[in-house]
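Here, each number is a calculation from the coordinates, and none is a lab measurement. Just so you know, these numbers come straight off a predicted model, no measurement behind them. Neighbour counts run over all protein chains shown; Cβ positions are idealised from the backbone, glycine included.
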Amino acid sequence: MTASVPDGGRAPVARGASAFAPASVGNIGVGFDVLGHVIDGPRDIAHVRRIAEREVRIEAIGGAVAGADRLPLAASDNTAGRALQSMCEALSLPFGFALTLEKGIPLGSGLGGSAASCVAALVAANALLDAPLTRAALYPFALDGESVASGARHGDNVAPMLLGGITLSTPEQAIALDVPAWLHAVVVHPDQTLETRRSRAVLGAPYGLGDVVAHSAHLALFLTGLQRGDAALIRAGLRDVLVEPRRAPLIPGFEAVKRAALEHGALGASISGGGPSVFAWFESRAAAERAAPAMRAGFAMAGFDARAYVSPVAGQRAELLQAPPA
C-alpha cells in the first residue's frame, strides 16, 4: 500500500515503528488532574506493526519491570491497546495494529506508567498512518487509553508526554506551558507500590471552602510564577493543601523525604501523581543533585530502598526511536 505525497508521487507506507514515552510527574502538587511534567529517566517503549486485520492485537508485554508480564493482553483492558482501538475507531481505519510493549516505568509508582504505554503506542502507530496526525489530535485517544487504568479521562500524565515539558490539560485540550530552563526536579521512587485507584479513594470526602480557596490561590501563584520565570512565586504556590494531606499517610517515609527536600532549598515538594514517588523542584541542576541523596535517605529511614532521578522540568516528549522504514 502506498500513500500520497505533496508532489503527486507515491511513497511507501511504513509497516512498523517504535517509540518511547517518558515518565511523568502528574498533578505537580497544586494541579490535581490538570498539571503534569515529564522527566528524563525511566520510559516505556512500544513496537507497533500495521496489519491487514481491522483489530488491535497485543502480542507481548515485557521489560525489566516487575509484574509487567501480568498486565492484560486483551486490547480493551490495556491502556495502550485501548488507545489504539480509539484511534482505529475514530479514523475508520481499513487496517489494524499489532503491539509489543517494553515496560520501563515501575507499576503503581506514580510516574505515569499506564499513560506512557498508551502514548508510546500512539506515537508509533501514528507514524504508520497514511496521513499522520498532530500531537493535539492524538490527545483524545490517549485520554481513552488512560481511562482504562484510572477510571477517568484526565490528561495530567498523557499531555506532557505528548507535548513535552509542563502542560495544562482538560478533557478537551492540552496546552504546553512556559517552563524556565533553570527549573530542575528530583523525583524519588521508593520500593513501594501504590495503586492509582487506592490513592484516589481517599479523596472522596468533602473539602472545606477555606481549603479550596487557599488551594486556588496557590495554583494562581504557581502558574503566574511559571509564566514570569519567578522562583519566589513558584515557591509561594507549590503547596498542596487538598490532596497531599490525605495521601501522605499512604506513603511511609513521605514526610522525611519532603523535609529533606525543603532543607536543601527546594521550591516545593509533594507526591508525584498518585504516589508513592515524591518530587521536588529546585532552581538549578546543582541544587537538585545535592538534594537527591538526602531525599533517598528519607525513604531509607522508613525501611525502603529508593532511586532518585534528576531532570530538567522542561523534559523531552515522546518520540520515535527509529525513522519509519521506506
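Worth a mention:
- Remark: the ASP40-ASP69 segment gains 8.0 nm on full extension, using 0.36 nm per residue and subtracting the alpha carbon distance.
- Packing-based ranking of 215-221, 90-96 yields 215-221, 90-96, ordered from highest to lowest mean Cβ neighbour count within 10 Å.
- Nearest-ten-degree value, helix 79-91 long axis tilted from longest Cα axis of the chain: 50
- Residues LEU107, LEU138, LEU194, sorted so that the one with the fewest Cβ neighbours within 10 Å comes first: LEU107, LEU194, LEU138
- Over the chain, dividing the summed -39,500 (n - 2.57) contributions of all DSSP H runs of at least 4 residues by the number of residues returns a 222 nm mean residue ellipticity of -10500 deg cm²/dmol.
- Matching label, Cα extents along the principal axes in Å computed from the structure shown, candidates [x] 59, 40, 34; [y] 61, 41, 40; [z] 68, 44, 36: [y]
- Per-pair calculated FRET efficiency, R0 = 56 Å: SER76 and GLU255 via Cβ, rounded to 0.05: 0.90
- ALA300/ARG198 FRET efficiency (R0 35 Å; Cβ-Cβ; nearest 0.05): 0.90
- Each Cα pair under 8 Å and six or more residues apart adds its separation to the average, and for the chain the resulting relative contact order is 25 percent.
- Environment charge at LEU129 (Cβ cut-off 15 Å; Lys +1, Arg +1, Asp -1, Glu -1): +3
- Inter-label distance for LEU262 and ALA137, nm, one decimal - labels placed 7 Å from Cα along Cα-to-Cβ: 4.8
- Distance between modelled label sites at SER92 and ALA52, nm, 7 Å Cα→Cβ extension: 2.3
- Here the 3J(HN,Hα) profile of the stretch 42-58, calculated from phi with Karplus coefficients 6.51, -1.76 and 1.60 at θ = phi - 60°, is x, 8, 9, 10, 10, 10, 10, 10, 7, 10, 6, 5, 8, 7, 10, 10, 9 Hz, Gly and Pro shown as x.
- Degrees between helix 135-150 axis and first principal axis of the chain (Cα, 0 to 90, nearest 10): 70
- Here the extension length gained between ASP230 and GLN316 equals 28.7 nm, from 0.36 nm per residue of separation less the Cα-Cα distance.
- Between ARG307 and ALA220, full extension at 0.36 nm per residue minus the direct alpha carbon distance yields a gain of 28.1 nm.
- Sequentially through the stretch 160-174, phi angles give Karplus couplings (6.51, -1.76, 1.60; θ = phi - 60°) of x, 5, 6, 9, x, x, 9, 10, 10, 10, 10, x, 9, 7, 10 Hz, Gly and Pro residues having no value and appearing as x.
- Between 0 and 90°, nearest 10: helix 113-126 axis offset from the chain longest Cα axis: 30
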